[in-house]
Amino acid sequence: MLLDVHGITKSFAVPKGRLRALDGIDLHLEKGETLGLVGESGCGKSTLARTLMLLERPDAGTVRFGGVDPFALRKTDLQRHRRRVQMVFQDPYASLNPRLTAAEIIAEPWRTHKDLFKTARERAARVRELLHLVGLRPSDANRYPQEFSGGQRQRLGIARALALGPDVVICDEPVSALDLSVQAQVLNLLNELQKQLSVSYLFISHDLSVVKHVADRVAVMYLGRIVETGTTAEVFENPRHPYTKALLSAAPSLRRADREKKEKILLTGELPSPIDPPSGCRFRTRCWKATDQCATPPPATADPATPGHIAECHFPLSLTAV
């Protein structure tokens, strides 16, 4: 197992108390796999990403990369570990320094990790290789970000993320700021790079259609908790948690037959505050299946036929209730 996260919690001090951004997160990621992470805005997806990037230290729980706890590493070992996890950011316009050329942007990580290349010639050659790898021309090395289109900028951001040869790339809404036709190109590029490099992706998105296209497995997040995990086919075709079913019912469909078949679920009530979340199941204040029992912590249940498909729910939906 490449990445194993168990029981991660993280809270922040706010004027009204403590905001619980992460509350007992469990997930894992295998080599060469894409795990899609979906959920509403404010559910904790970006906090989880920042924690895995070692930009935030968890209050409790464990993180293991290849069996190693990165938060226990000393400075030199920690710097070497940071090569293993890189990020592609949401906004290709804000995430690139407009004062640097494409070559300088790609080579910037090597200013910290100086042991990777001995000469400027080696660095220049690697820049050209990375530009070609992401579908840009070697002659683009001397251009500035403002001279690229949005899709080209995101390709440049992907090249920068790959510059250190990471094992895991965290993709934080990497196509949400792009036109639909460009989104498809970037997603196809990520798929091709994964095949070539065996890199793993944690793909964060609110767009279910995008996640369905790229992910091998899906983790559904709600108010700091992972409420359902499973293969993409299992989660999309047979959602077991009521929140997952509500999310899927709200996703737009292009085909008329799919729209007519889909059951519409209108949730009542507002998203609870992460400062004072509901006891037990976080979703119970908006769930049509909730009873008094849901005020107690829900079990992680799995159907015997699909043991890897887990939902945190007292009353999980049957596998035939789509």
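Structure values in brief
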| quantity | calculated |
| --- | --- |
| Inter-residue pairs, beta-carbon under 9 Å, first under 23 Å from residue 178 (Cα atoms) and free of Cβ contacts under 8 Å to residues at least 40 places away in the same chain and in the stretch 121-150, second among the basic types (Lys, Arg) and assigned to a helix (DSSP H, G or I), 6+ apart | 130/160; 131/155; 136/155 |
| Selected residue (criterion: surrounded by the most Cβ atoms within 10 Å (Cβ to Cβ)) from residues of the stretch 305-319 that are part of a strand (DSSP E or B) and in contact (Cβ under 8 Å) with a residue 24 or more places away in the chain | 311 |
| Members of the stretch 289-304 that are small (Gly, Ala, Ser) and either touching a residue at least 40 places away in the same chain (Cβ under 8 Å) or in a loop (DSSP other than H, G, I, E, B) (or both) | 290 |
| Any hit, the stretch 186-195, residues being under 25 Å from residue 50 (Cβ atoms) and touching a Lys or Arg at 6+ places or on another chain (Cβ under 8 Å) | yes |
| Pick from the stretch 167-196, criterion touching a Leu at 6+ places or on another chain (Cβ under 7 Å) and among the β-branched types (Val, Ile, Thr), ranking: nearest to residue 30 (Cα to Cα) | 168 |
| Elements of type helices (runs of 4 or more DSSP H) contained in the stretch 50-155, each with 3 or more residues being surrounded by fewer than 13 Cβ atoms within 10 Å (Cβ to Cβ), over 22 Å from the mean Cα position of the chain (by Cα) and of a type in the set (Phe, Trp, Tyr) | none |
| Scope the stretch 15-35; condition touching a residue at least 60 places away in the same chain (Cβ under 8 Å), assigned to a strand (DSSP E or B) and closer than 25 Å to residue 297 by Cα; matching residues | 17, 18, 19, 20, 21, 22, 23, 24, 25, 26, 27 |
| Pairs with Cβ under 6 Å, 6+ apart, first in the stretch 267-288 and on the phi > 0 side of the Ramachandran plot, second assigned to a loop (DSSP other than H, G, I, E, B) and loosely packed, with under 14 Cβ neighbours inside 10 Å | 280/296; 280/297 |
| Tally, over the stretch 186-200, of residues that are free of Cβ contacts under 8 Å to residues at least 40 places away in the same chain and over 17 Å from residue 130 (Cβ atoms) | 3 |
| Inter-residue pairs, beta-carbon under 6 Å, first of a type in the set (Asp, Glu) and in the stretch 49-78, second part of a helix (DSSP H, G or I), 6+ apart | 56/50 |
| 1 or more residues in contact with a His (Cβ under 7 Å, 6 or more places away or on another chain), charged (D, E, K, R) and surrounded by 14 or more Cβ atoms within 10 Å (Cβ to Cβ): qualifying helices (runs of 4 or more DSSP H) within the stretch 161-273 | 232-237 |
| Residue list for the stretch 290-322, restricted to those being farther than 14 Å from residue 228 by Cβ and at pLDDT 90 or above | 290, 291, 292, 293, 294, 295, 296, 297 |
| Set 111, 57, 83, 99: member being farther than 30 Å from residue 138 by Cα and of a type in the set (D, E, K, R) | 57 |
| In the stretch 119-155, the residues that are among the β-branched types (Val, Ile, Thr), farther than 18 Å from residue 169 by Cβ and either at pLDDT 95 or above or in contact with a helix residue (DSSP H, G or I) (Cβ under 9 Å, 6 or more places away or on another chain) (or both) | 127 |
| Residue match in the stretch 31-53 (condition: under 24 Å from residue 134 (Cβ atoms), of a type in the set (D, E, K, R) and at pLDDT 95 or above) | yes |
| Any chance residue 47 is touching a Leu at 6+ places or on another chain (Cβ under 7 Å) and among the β-branched types (Val, Ile, Thr) | yes |
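The values are calculated or read from the model by the stated rules, or taken from the named source; none is laboratory data. Quantities reported herein were computed from a predicted structural model and do not represent experimental measurements. A quick note on method: Cβ atoms are made from the backbone with ideal geometry, for glycine too, and the neighbour counts reach across all protein chains shown.
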